[in-house]
Amino acid sequence: MWNKIPAFLKNKYLLVILMFIVWLTFFDRNNFISQVRYGRILNKQRQQMEFYKSEILKDSTALNELMTDSLSLEKFAREKYLMKKNNEDVYLIVKDKDNKEN
C-alpha cells in the first residue's frame, strides 16, 4: 500500500508546506484572496483621495479668486444666482429635453 504512494507525497515537510499554503489561501482570516481584494479597495481609495485633493485645490483657487477680484465675484453672482443690476432685465432661456417633432 505504501509502495504505491509517490515519494514526494511521503515527504512530511512538503506536506506541511502544502497544508500551510492551502490554509493561508482559503481558511485564514487574512488569506491571500482577501489581501488581493483589500489591495484593490486601497487603490480605489487612493484614486479617490487624489481626485478630491485636485478638486479641493481647484475650488480653493476659485474661492481665492472670488474673494480678491470683484469683477469675478460679480460674474459668478450673475451666472450662478441670476442676480442683476437695478436697471437691467435678465432673460432665462430653458431648452426642452423632449424636443421631439411629430
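What is the one condition in (1) surrounded by 10 or more Cβ atoms within 10 Å (Cβ to Cβ); (2) not in a helix (DSSP H, G or I) that N86 does not satisfy?
So the condition that N86 fails would be (1).
Picking from M49, M67, which residue would you name as being more than 30 Å from W23 (Cα to Cα), in contact with a Leu (Cβ under 9 Å, 6 or more places away or on another chain), at pLDDT 85 or above and of a type in the set (A, V, I, L, M)?
Just one listed residue meets the conditions, M67.
With assigned to a helix (DSSP H, G or I), surrounded by 11 or more Cβ atoms within 10 Å (Cβ to Cβ) and among the acidic types (D, E) as the only criterion, which of E79, E74 stands out?
After ruling out the rest, the residue left standing is E74.
Note down all Cβ pairs under 6 Å where the first residue falls in the range 50-64 and is outside any helix (DSSP H, G or I), the second is of a type in the set (K, R), and they're at least six residues apart or on different chains.
Every condition considered, no pair remains.
So, in the range 18-39, how many residues would count as being in a helix (DSSP H, G or I), of a type outside the set (A, V, I, L, M, F, W, C) and under 29 Å from F8 (Cα atoms)?
1
The values are calculated or read from the model by the stated rules, or taken from the named source; none is laboratory data. Predicted model only: the values in this text are computed from it and were never measured. As a convention, Cβ positions derive from the backbone with ideal geometry for all residues, glycine included, and neighbour counts pool all protein chains shown.
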